[in-house]
Amino acid sequence: MRAYSPSDLTVMKLEQLLQPTHVLCKNDMVWFMEFVKSRVYANDPGLLELSPERLLQNFLHYAEIALTLINNHPGETEAERLRICLVEAVHGLVPVQSDDSHITS
């Protein structure tokens, strides 16, 4: 059995969340928000390189995820919108392929 590093596990989790076939749940969204928060607190170099306009876009999508959780609406009809928010909120933190929204290693 292969031992995975914490960063490998994080990439695997993000890849899972971005899969169109994965059914997003509240725990997924909370994990994602904690991930983004940890990268902000760590002054992730990827964020520091983003333009102010892009940072606002990231925050907009992060806030939309938060409001969806607060309003308790993460149903099937919003799954694609939430997945788009995930991709946009993580922009600059991890490399994402633009063609199918999967994380590259």
Which residues, counting only those in region 1-51, are among the charged types (D, E, K, R), assigned to a helix (DSSP H, G or I), loosely packed, with under 12 Cβ neighbours inside 10 Å and modelled with pLDDT under 90? LYS26
Quick one: in region 52-105, of everything that is of a type in the set (Ser, Thr, Tyr) and either modelled with pLDDT under 85 or over 15 Å from LYS37 (Cα atoms) (or both), which residue is surrounded by the most Cβ atoms within 10 Å (Cβ to Cβ)? THR68
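The values are calculated or read from the model by the stated rules, or taken from the named source; none is laboratory data. The structure displayed is predicted, hence computed values, not measured ones. Note that we place each Cβ from the backbone using ideal geometry, even for glycine, and neighbour counts take in every protein chain shown.
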